[in-house]
Amino acid sequence: IEPLIKIENLKKSFPIQGGVFGKKVGEVKAVDDISFFIQKGETLGLVGESGCGKSTTGRMILRLLEPTSGKISFEGKDITSFSHTELRKIRSQMQMIFQDPFASLNPRHTVEKILEEPLIVHGVKDKKARKRKVKELLEIVGLNESHLKRYPHQFSGGQRQRIGIARALILNPKLIIADEPVSALDVSIQAQVLNLLKDLQKNFDLTYLFIAHDLGVVRHISDRVGVMYLGRIVELADSEDVYTNPKHPYTEALLSAVPIPDVDFQKERIILQGDVPSPANPPKGCAFHTRCPYAMDKCQSEKPVFKEVEKGHFTACHLH
Ligand code: SF4
Ligand code: MG
């Protein structure tokens, strides 16, 4: 079956400007040739440290950022070649939930206005229908009519994220890109919001790209997980396989860094040497070799190919 979303050889580089004339002196390969798909109703978790290109990937799928090259297909249609008018039509079907709901909600607008706005923008002319929809969505995310006339600052962080979720859902999208939706929330609230997202997925037949910086958060929500490092996907597999049988040393290190209940694989904490290298000047060969506890000679010169090493389990590492 046709995946809902398919990404092929997607790249994004940003120029580095320098000198008096602001000439291009280099480039940052924020996303460097990644490919994956997400089936309808599936959740793909995308994990990696900040700056690894996961948010850039999400923003390109929504076309908030133009890819440098590569192809994005939505329901089998190549949307990278879409005109603005065509894009507008499918935009309502893809929505984003942001990490910081406070920054993404207009502080001067009431909840009612915040939720009504996408409906107005997308041409829902009937005011009564809009109000009905707003109320319905508030209830779906666990808030109610009494919250309509309040402003974002009058809510707790968890409630604000519920408002962000309601806004993302109000146009009945098919795909939700959730960019670290619980990272800014207290741990006790995180589980509630994750459970809400899970329930909504079931009830509204949603497909998720769930971006996070650690493997703990995406564990119970993802069907498959992809791990990114310096603009590339280094491992991609069914969620269970990533947690119990990781293939890439970077995944191992990430797994060892967070306590994850009922994961047997977890062994001693692996402390990675050094920081993430600059994406403007990534190491040759395997970009992870400067920090990898298993690095061999060839890791410094030969780029490992991303390939299937077990059924449905992909990794890019010379150990496999
Ligand atoms: Fe480590 Fe080499 Fe594998 Fe890269 S290719 S992850 S450096 S063992
Ligand atoms: Mg980010």
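The values are calculated or read from the model by the stated rules, or taken from the named source; none is laboratory data. For clarity, every value in this text was computed on a predicted model and none was experimentally measured. Heads up, the Cβs are rebuilt from the backbone with ideal geometry, glycines too, and the neighbour counts pull from every protein chain shown.
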- Quickly run through region 300-319 and pick out the residues that are within 8 Å of ligand 1 (Cβ to nearest atom) and touching a strand residue (DSSP E or B) at 6+ places or on another chain (Cβ under 6 Å). 316
- Item | Any chance residue 43 is under 22 Å from residue 312 (Cα atoms), within 16 Å of ligand 2 (Cβ to nearest atom) and surrounded by 17 or more Cβ atoms within 10 Å (Cβ to Cβ) | no
- Message: Which residue is surrounded by the fewest Cβ atoms within 10 Å (Cβ to Cβ), if the candidates are limited to region 297-315 and must be in contact (Cβ under 8 Å) with a residue 24 or more places away in the chain, within 17 Å of residue 250 (Cα to Cα) and not hydroxyl-bearing (Ser, Thr, Tyr)?
- Response: 309
- Given the conditions (1) within 16 Å of ligand 2 (Cβ to nearest atom); (2) assigned to a helix (DSSP H, G or I); (3) touching a Lys or Arg at 6+ places or on another chain (Cβ under 9 Å), which single one is not true for residue 217? (3)
- Query: What pairs can you find where one residue is in region 280-294 and closer than 19 Å to residue 31 by Cβ, the other is within 16 Å of ligand 2 (Cβ to nearest atom) and not in a loop (DSSP other than H, G, I, E, B), and their Cβ atoms are less than 6 Å apart, with a gap of 6+ or different chains?
  - Reply: 280/28; 288/229
- Filtered residue count, region 75-95, keeping only those that are in a strand (DSSP E or B) and closer than 17 Å to residue 171 by Cα: 2
- Could you grab the pairs with beta carbons closer than 8 Å, sequence gap of 6+ or different chains, first residue in region 40-68 and part of a loop (DSSP other than H, G, I, E, B), second one of a type in the set (Phe, Trp, Tyr) and away from ligand 1 (no atom under 16 Å from the Cβ)? 42/208; 63/82
- Item | Criterion: basic (Lys, Arg) and part of a helix (DSSP H, G or I) - qualifying residue of 108, 130, 150 | 130
- Scan region 280-300 and give yes if some residue there is at pLDDT below 95, in contact with an Asp or Glu (Cβ under 9 Å, 6 or more places away or on another chain), of a type in the set (A, V, I, L, M) and farther than 16 Å from residue 33 by Cα, otherwise no. no
- Which of the residues that make up region 267-307 are in contact with a Gly (Cβ under 8 Å, 6 or more places away or on another chain) and not in a loop (DSSP other than H, G, I, E, B)? 298, 299, 300
- Query: How many residues does region 269-299 hold that are among the small types (Gly, Ala, Ser), within 11 Å of ligand 1 (Cβ to nearest atom) and either within 25 Å of the chain's Cα centre (by Cα) or farther than 18 Å from residue 315 by Cα (or both)?
  - Reply: 1
